[in-house]
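No value in this document is a laboratory result; all are computed from the given coordinates. Here the structure is a predicted model, which is why all the values come from computation and not from measurement. With ideal geometry, Cβ positions are generated from the backbone for all residues, glycine too; neighbour counts draw on all protein chains shown.
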Amino acid sequence: MIDKNRITGTFLTLTGFDSESFGEREIADELKRRLRTLGLEPEEDRADELCGRKSENSAGNLYGFLPGTRAGTPILLSSHMDTVKPGIGKKPVVHPDGKITSDGTTVLGADDAGGLTAILEALAVIREDGIPHADIEVLFPCAEEIYGRGSAVFDYGRLRAKESYCFDLTGEIGEAVTRAPTILSLRIRVKGRGAHAGFNPENGINALTAAARALARIPTGRIGELTTVNFGRIEGGSVTNAVPAEVLIGGEIRSLVHEEALRMNGEIVRIFTEEAERIGASAEVESEEMVRAYETDRDSPVVRRFEEAARAAGLEPKLGVTFGGADQNHFSKNGLSGIVAASAMHDVHTVHEYTCIREIEKLAEMILELLKRA
Ligand SMILES: [Zn+2]
């Protein structure tokens with residue numbers, strides 16, 4: 001039976017640890033202990049080291065395997081271990097109505113302890129009640145909040161599962177997304193030539209002018225239904241009486257269609273190059289793929305099972321798309337068919353973040369239904 005008090009206890013324990021990205025050591029050790037108790041032999045990889053972020057507070061990705069007690073489809077359950085900042089010294093507050101908030105000075109960490117708690121609860125119930133199940137794999141990545149850097153370096157060759165459920169989404173339990181974007185991060189450097197603004201401006205090449213002309217030509221915001229473009233940072237120049245020699249611009253492209261993100265990137269490179277060359281400046285655009293777009297077929301077994309499980313738990317499944325990245329982007333890139341499902345978290349990435357015990361209970365119930373159907 002799903003145990004509300006145990007859920008509350010697990011959630012408070014997990015959110016009681018400091019676990020900002022690449023600082024998941026304590027929560028990882030706790031999760032290892034709990035997985036062992038549940039009959040899974042947990043293994044930790046060297047993701048933190050591979051990302052060049054190993055420290056005494058860091059951890060790798062945690063993987064656990066529970067052999068099936070019957071034939072069936074192996075599935076992967078996943079929620080990430082890290083939180084965003086400010087996440088040090090979290091003090092969860094349980095309110096009489098079952099709502100849990102932080103004390104207002106940090107995030108709560110329901111993103112993603114809501115998912116972790118529900119997965120652990122479902123595994124506990126499977127074990128206690130002797131519910132027959134197929135192979136179950138769990139993956140608790142580190143550093144999801146930095147474009148899924150932990151899951152980006154996981155060794156997917158070891159997985160039995162070809163289907164994954166990533167619990168890491170705001171919204172009502174029963175909601176899920178089947179599609180997410182490619183995200184390209186851009187760093188643009190426009191180089192001109194410095195000169196005194198009053199004595200010899202003729203010798204200067206104004207990098208800011210080239211950058212401004214280029215920016216004015218590039219559409220930003222939502223570009224059609226599939227793509228967004230944003231320039232979020234600009235710095236450059238030195239003093240008001242010198243022609244600015246260099247300008248740096250930071251931006252990003254998101255598109256639900258990978259090729260469209262690449263095409264837009266090509267446009268941005270072309271426009272910056274043109275505007276720089278027009279006045280004798282130069283432009284370099286560095287583009288880094290943070291996550292890759294995926295689209296999971298809504299008729300696929302992994303989605304069908306989710307809809308059936310949600311209904312069995314008394315929920316109305318609702319499928320959508322997201323413009324955010326998650327570990328599922330890396331799962332899909334590595335051959336897993338999967339979705340990202342709502343995981344009892346609200347107002348995430350703010351100090352007003354909250355969850356409700358009732359929602360984590362519902363999520364645990366739905367995960368149990370998934371396991372029964374795998
Ligand atoms: Zn998350």
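Some notes on this structure:
- Full extension of the segment from Thr240 to Glu286, taken as 0.36 nm per residue of separation minus the current Cα-Cα distance, would add 13.8 nm.
- Both the radius of gyration and Dmax for the stretch 1-92 are 14.7, 44 Å, in that order, over alpha-carbon atoms.
- Ordering Gly9, Ile234, Ala71 by Cα displacement along the dipole of the chain toward the positive end leaves Ile234 in first place; charges were set at the Cβ atoms of Lys, Arg (+1) and Asp, Glu (-1).
- FRET efficiency, Glu56 to Arg36 (Cβ-Cβ, R0 25 Å, nearest 0.05): 0.65
- Residues His349 and Lys318, FRET efficiency given R0 of 22 Å [Cβ-Cβ distance, rounded to 0.05]: 0.50
- One Cα centroid belongs to the stretch 181-235, the other to the stretch 25-61; the line between them spans 42 Å.
- Rg(Cα) / (2.2 N^0.38 Å) computed for the stretch 226-330, rounded to two decimals: 1.63
- Among Ser343, Ser151, Ser300, the largest mean-square fluctuation in a Gaussian network model of the chain, built with springs joining Cα atoms closer than 10 Å, belongs to Ser300.
- Dipole magnitude of the stretch 184-263 about its Cα centre (Cβ charges: Lys, Arg +1; Asp, Glu -1), debye to nearest 20: 60
- Among the trypsin sites (Lys or Arg not before Pro) in the stretch 298-374, those placed in a DSSP loop whose Cβ has at most 16 other Cβ atoms within 10 Å are Arg298.
- Restricting the trypsin sites (Lys or Arg not before Pro) of the stretch 37-107 to loop positions (DSSP other than H, G, I, E, B) with no more than 11 neighbouring Cβ atoms within 10 Å leaves Arg70.
- Antiparallel beta bridges, as assigned by DSSP with both residues in the chain, represent about 70 percent of the total such bridges.
- Whole-percent pair-distance distribution, where bins are 5 Å wide, for the alpha carbons of the stretch 205-259: 4, 17, 24, 19, 14, 10, 7, 4, 2
- Zero-based 20 Å bins, Cα pair distances in the chain, whole percents: 28, 49, 19, 4, 0
- Measuring spread by the Cα atoms of the stretch 182-291 yields a radius of gyration and Dmax of 15.0, 51 Å.
- Relative contact order, whole percent, for the stretch 182-291 stands at 43, derived from Cα pairs under 8 Å and 6 or more residues apart.
- The chain: most fluctuating residue of Val348, Val269, Val84 per GNM, C-alpha cutoff 10 Å: Val269
- Residue list for the stretch 1-38, given a label point 7 angstrom along the Cα-to-Cβ vector of Glu49 and an amide N cut-off under 18 Å: 22-26, 28-29
- Mean separation of Cα contacts under 8 Å, 6 or more apart, over the residue count of the stretch 155-241: relative contact order %: 17
- Between Ala312, Ala59, Ala261, the Gaussian network model of the chain with springs among Cα atoms under 10 angstrom shows the greatest mean-square fluctuation at Ala312.
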